[in-house]
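The values are calculated or read from the model by the stated rules, or taken from the named source; none is laboratory data. Source: prediction; values computed, not measured. Every residue, glycine among them, receives a Cβ derived from its backbone with ideal geometry; neighbour counts consider all protein chains shown. Each accessible area value is taken on the protein alone, full model and side chains, heavy atoms only, with ligands, DNA and RNA left out. Shrake-Rupley method; radii C 1.70, N 1.55, O 1.52, S 1.80 Å.
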Amino acid sequence: MQAGNSLNALERAVAAHQAGKLAEAEKLYQAALGDDGGNVELLYRLSVLNAQLRRFDTALQFADRALVGDPGIAQLHFHRAELLATLRSDDAALDAYRQALAIDPNHLDALNVFGDLLNSKGRAAEALPLPERALTLQPGHVPALNNRANALQALGRSSEALRDFDHALRLNPGNPAILFNRASALMSLKRYAEAEADCRTALAHAPGNVAALFNLGKAQSRRGKFAEALATSDRLIALQPGNAAAWCERGNILAGLQRHKQAWVCLDKSLAIDPDLPDAWFASAMLYSSFLQHEQALKCFRRVAALQPDNADVSCRLGEALRPLGRYEEALIAFEDALRIDKDHPFVRGQVAWLKLARGNWQGMESGIAEVVQAVRAGRAAAIPLDLLALTDSAEDQLRGAQIHATEFFRKPEASLWRGERYANRRIRLAYVSADFRDHAVSFLIAGLLEQHDRSRFELFGYSLTGESASRLGARVQGAFEHFTALKGVTEAQAARELREQHIDIAVDLMGPTLNAKPEMFARRPCPVQVNYLGFPGTLGTDFHDYIIADAYVIPPGGEHHYAEKVVRLPDTFQCNDAKRSPATPTRSRAEAGLPDDAVVFCCFNASAKVTPTVFDAWMQVLRAVPHSVLWLFAQHPVLRANLQREALARGIDAQRLVFAPRAEYVEHLGRLALADVFLDTLPFNAGTTASDALWAGLPVLTRSGEAFAARMAGSLLHAIGMPELVTSSPEAYVALAIRLGKEPEFLAATKAKLGANRFTRPLFNTDRFRRHIEAAYTAMWERTQRGEAPDHLTIAPIE
């Protein structure tokens with residue numbers, strides 16, 4: 001009798017509950033429960049009702065009582081998990097979701113909400129399989145598509161995330177939450193205009209949507225619309241003054257406006273509100289980086305990585321912060337972490353290969369390089385252009401890699417700063433842009449040219465991306481310019497406007513995609529003519545660099561299609577040289593340098609990342625054939641030294657025949673080169689400045705030429721100094737000539753004598769001759785622009 005009464009009471013309670021009569025339903029549930037205190041369904045419904053009345057603690061008590069009655073109901077565990085999450089008991093909630101899925105692995109809501117909570121806790125790698133399973137159960141399930149996309153986005157896999165967001169919006173058009181989330185993915189892909197449009201659409205549906213306002217401000221900021229972004233930030237902070245992320249983004253906007261003190265105030269406020277906000281630490285790292293404070297930036301990146309251990313992009317950024325500091329082992333770990341999270345994370349595989357080369361860690365190198373090259377050929381972002389120079393001598397592969405990099409990294413402005421005007425400058429305004437106006441290879445090469453430029457025809461501007469240098473060379477280079485401007489700490493947009501406002505006719509990019517460059521300043525097209533020269537030995541793959549300075553050897557006729565720029569061929573060589581460089585006078589004896597007095601000394605002072613296993617194989621063949629010889633290498637790090645010694649032993653060569661040179665000041669370095677007998681070059685990345693240094697010191701350079709620019713540099717220099725016989729085109733010829741130089745003292749002496757005689761009679765070190773040729777090239781570029789003609793390939797005739 002009581003059971004029947006209880007059933008009737010339950011039916012009346014459910015009816016009242018479904019009709020929204022919560023107070024009446026509660027009384028009926030309680031009455032029914034008095035008759036049957038262990039009824040699981042009654043307890044569950046009372047829990048649901050109390051949750052609707054926002055009495056979450058009471059709701060949790062009823063849920064716990066229901067589970068005592070029947071712990072095998074998945075929906076009860078799911079409901080309890082929801083209550084715990086609402087009560088901010090996230091760890092307990094996660095356990096409850098797991099229990100629900102242990103009972104029913106196909107519980108669709110549990111799969112989605114559990115994954116969403118894991119993702120919100122920064123555990124995207126754990127979260128991802130959950131919406132993926134939900135989608136196998138119901139392929140068009142919009143919440144699952146949204147959740148999977150959010151997890152992919154958190155893992156740095158933005159392109160995949162975007163596909164899911166697009167699918168979800170086709171099924172549920174105009175959903176503000178999904179539009180906002182898609183805007184985040186578009187932001188990561190640097191598609192800022194589309195992200196801004198998504199945010200505006202979301203705000204049209206929900207004007208007070210804080211998340212959409214947040215992303216709107218970010219999109220405006222990334223598009224350089226800082227004033228609009230700041231106004232959006234004002235709206236957002238007025239709605240939520242305690243929003244740490246909003247203060248962080250305001251800091252980013254103010255940094256973009258060069259209001260750095262205010263930016264730091266905002267970032268500090270953000271971290272005061274939430275000390276564990278990854279974006280605030282990341283923004284602090286980027287601000288430190290803009291002032292070249294790399295150690296402080298690294299500390300911030302480490303904090304981000306600790307907070308987001310499953311974020312491939314964060315691991316990649318950490319590696320990129322460690323690499324310029326020379327902390328290659330740590331950088332390698334960070335990049336390998338990125339690949340563990342996302343095996344195709346952009347530009348990481350090439351960095352891993354480069355770092356392994358730099359430390360002589362060649363295990364799996366052949367297959368690793370092949371994977372990078374194959375990925376580039378397939379159109380994937382596998383290597384930054386600088387790394388690719390060391391991995392392949394294919395000009396086609398290097399062009400493809402550079403184009404992929406340019407597409408990924410360089411924002412094209414909606415309008416160019418220069419719009420076809422003809423400047424009425426009295427002289428051609430020629431600007432050189434670099435972060436390396438200091439003790440750097442670029443400055444060692446270009447100082448003499450800058451000093452000798454014809455001031456009656458050219459007005460010389462220097463733009464330093466790293467500020468002024470206190471070094472002697474830095475002061476010399478800066479003093480060679482009529483106008484010198486430090487652009488340290490300014491945005492790329494502001495740097496571009498500086499060139500536009502000065503009516504620069506020709507801007508020479510001495511950087512390319514190297515450390516501390518500002519490539520987007522050239523993407524904004526501030527000048528009529530923009531030239532790629534010297535700092536990066538290859539194509540930049542962009543459509544905003546008009547010309548590349550070359551010669552007929554580094555880019556032979558017929559090879560123009562491998563370069564995005566129009567090719568300018570100078571008569572002798574592409575490389576400028578300074579005839580005033582320090583004399584190459586030895587300051588130490590061979591013994592003091594750790595070299596045997598009576599041995600043949602082969603050497604290579606190229607960066608270690610240029611030394612491939614194939615190159616090292618050739619060197620060991622030479623040492624084997626020339627018994628009384630040593631190989632003198634620039635190798636500072638103990639790991640690199642140990643690895644090279646191990647590789648020598650593996651090839652049957654006594655490790656003691658490798659001699660390692662420490663870092664030295666430039667003058668001392670030039671002097672010690674004279675202690676060696678033959679400089680052995682590398683391929684696919686030839687010596688550039690190091691080859692010029694050796695030739696200046698009277699040290700013969702033996703090279704092997706490949707196909708791409710960087711693989712032909714030393715050959716160009718040897719032709720320009722009248723020593724083409726030292727250029728080989730096959731590994732067999734390279735080894736054979738090295739052996740002959742090592743085993744035939746008379747031949748070596750004759751080669752050195754010829755080089756000594758040619759140093760001051762051939763064009764390589766004739767700075768003024770080079771100056772005439774490159775000025776003729778600049779003039780030809782300028783004249784084409786003045787006539788309204790598009791850039792075209794140019795060949796400059798010799799000027800005696």
Inset, instruction - Using only the Cα atoms of the chain, build the gyration tensor, take square roots of its eigenvalues as a ≥ b ≥ c, and label the shape rounded, prolate or oblate: rounded if a/c is under 1.5, else prolate if a/b is larger than b/c, else oblate. - result: prolate
Legend entry - Per-q log10 I(q)/I(0), region 1-155, q = 0.14, 0.16 Å⁻¹ (Debye; single scatterer per alpha-carbon; no solvent): -0.74, -0.88
Legend entry - Acute angle (nearest 10 degrees) that the helix 745-758 long axis makes with the longest principal axis of the chain, alpha-carbon atoms: 90 degrees
Legend entry - For region 466-474, Karplus couplings with θ = phi - 60° (6.51, -1.76, 1.60), whole Hz, Gly/Pro x: 10, x, 7, 10, 8, 6, 4, 5, x
Inset, instruction - Convert each backbone phi in region 115-121 into a coupling constant with the Karplus relation 6.51 cos²θ - 1.76 cosθ + 1.60 (shift: θ = phi - 60°), then list the ³J(HN,Hα) values in order as whole Hz, x for Gly and Pro. - result: x, 5, 5, 4, 5, 5, 8
Inset, instruction - Would you kindly find the accessible area of Ile404, with a 1.4 Å probe and non-protein molecules such as ligands, DNA and RNA excluded, rounding to the nearest 10 Å²? - result: 20 Å²
Inset, instruction - Just report the Cα centroid separation between region 657-695 and region 89-144, whole Å. - result: 59 Å
Legend entry - Apportionment of accessible area to carbon and sulfur, region 271-416, percent (1.4 Å): 50 percent
Inset, instruction - Could you tell me the accessible area of His545 in Å² (1.4 Å probe, neighbours in place), rounded to the nearest ten? - result: 10 Å²
Inset, instruction - Would you be so kind as to identify which of Leu287, Asn311, Trp362 lies farthest towards the positive end of the dipole of region 280-363, taking Lys and Arg as +1 and Asp and Glu as -1 on Cβ and the Cα centre as origin? - result: Trp362
Legend entry - Sum of side-chain charges, Asn532 neighbourhood, beta-carbon under 13 Å (Lys, Arg +1; Asp, Glu -1): -3
Inset, instruction - Quick one: order Val265, Val68, Val626, Val210 from most to least accessible surface, probe 1.4 Å. - result: Val68, Val265, Val210, Val626
Legend entry - Accessible area of region 653-800 divided out per residue, in Å², using a probe of 1.4 angstrom: 37 Å²
Legend entry - Sorted largest first, extent of region 561-638 alpha carbons per principal axis (Å): 49, 35, 27
Inset, instruction - Multiply the residue gap between Asn425 and Glu560 by 0.36 nm, knock off their C-alpha separation, and tell me the result in nm, one decimal place. - result: 45.4 nm
Legend entry - Ellipsoid semi-axes in whole angstrom, largest first, where each is sqrt(5λ) of the Cα gyration tensor of region 642-757: 22, 18, 16
Legend entry - Entries in Lys190/Lys343; Lys190/Lys518; Lys566/Lys610; Lys190/Lys412; Lys299/Lys356; Lys518/Lys610 that, when Cα-Cα distance is taken, lie over 18 Å: Lys190/Lys343; Lys566/Lys610; Lys299/Lys356; Lys518/Lys610
Legend entry - 3J(HN,Hα) from dihedral phi, region 88-102, Karplus parametrisation 6.51/-1.76/1.60, rounded to Hz, x for glycine, proline: 6, 8, 5, 5, 5, 4, 4, 4, 5, 4, 4, 5, 4, 6, 5
Inset, instruction - Report the charge-dipole magnitude of the chain in Debye, nearest 20, computed about the Cα centre from +1 at each Lys and Arg Cβ and -1 at each Asp and Glu Cβ. - result: 1520 debye
Inset, instruction - Find the centroid of the Cα atoms in region 339-368 and in region 389-408, then give the distance between the two in whole Å. - result: 16 Å
Inset, instruction - Find the relative contact order for the chain and round it to a whole percent, using C-alpha pairs within less than 8 Å whose residues are 6+ positions apart. - result: 7 percent
Inset, instruction - For region 336-416, just say rounded, prolate or oblate: build the C-alpha gyration tensor, square-root its eigenvalues into a ≥ b ≥ c, call rounded for a/c under 1.5, and beyond that prolate if a/b exceeds b/c, oblate if not. - result: prolate
Inset, instruction - Indicate the gyration tensor shape class of region 331-383 (rounded, prolate or oblate), computed on the Cα atoms with a ≥ b ≥ c the square roots of the eigenvalues: a/c under 1.5 is rounded; otherwise a/b larger than b/c is prolate and the rest oblate. - result: oblate
Inset, instruction - Provide the net charge surrounding Ser221, with neighbours chosen by a C-beta distance below 9 Å and charges set as Lys +1, Arg +1, Asp -1, Glu -1. - result: +2
Inset, instruction - Would you work out the relative contact order for region 627-748, in percent, from Cα pairs under 8 angstrom that are 6 or more residues apart? - result: 18 percent
Inset, instruction - Determine, for each peptide in 70-76, 95-101, the mean count of other beta carbons within 10 angstrom over its residues, then list the peptides with the highest first. - result: 95-101, 70-76
Inset, instruction - Please name which of Leu145, Gly350, Thr795 has its Cα lying farthest along the dipole of the chain towards the positive end, using unit charges on Cβ (Lys, Arg +1; Asp, Glu -1) and the Cα centre as origin. - result: Thr795
Legend entry - Helical contribution to [θ] at 222 nm, DSSP H n ≥ 4, -39,500 (n - 2.57), averaged over the chain, rounded to 500: -17500 deg cm²/dmol
Inset, instruction - In whole angstrom, note down how far apart the Cα centers of region 250-328 and region 711-752 are. - result: 49 Å
Inset, instruction - Only Cα pairs under 8 Å and at least 6 apart count here; give the relative contact order of region 372-501 as a rounded whole percent. - result: 20 percent
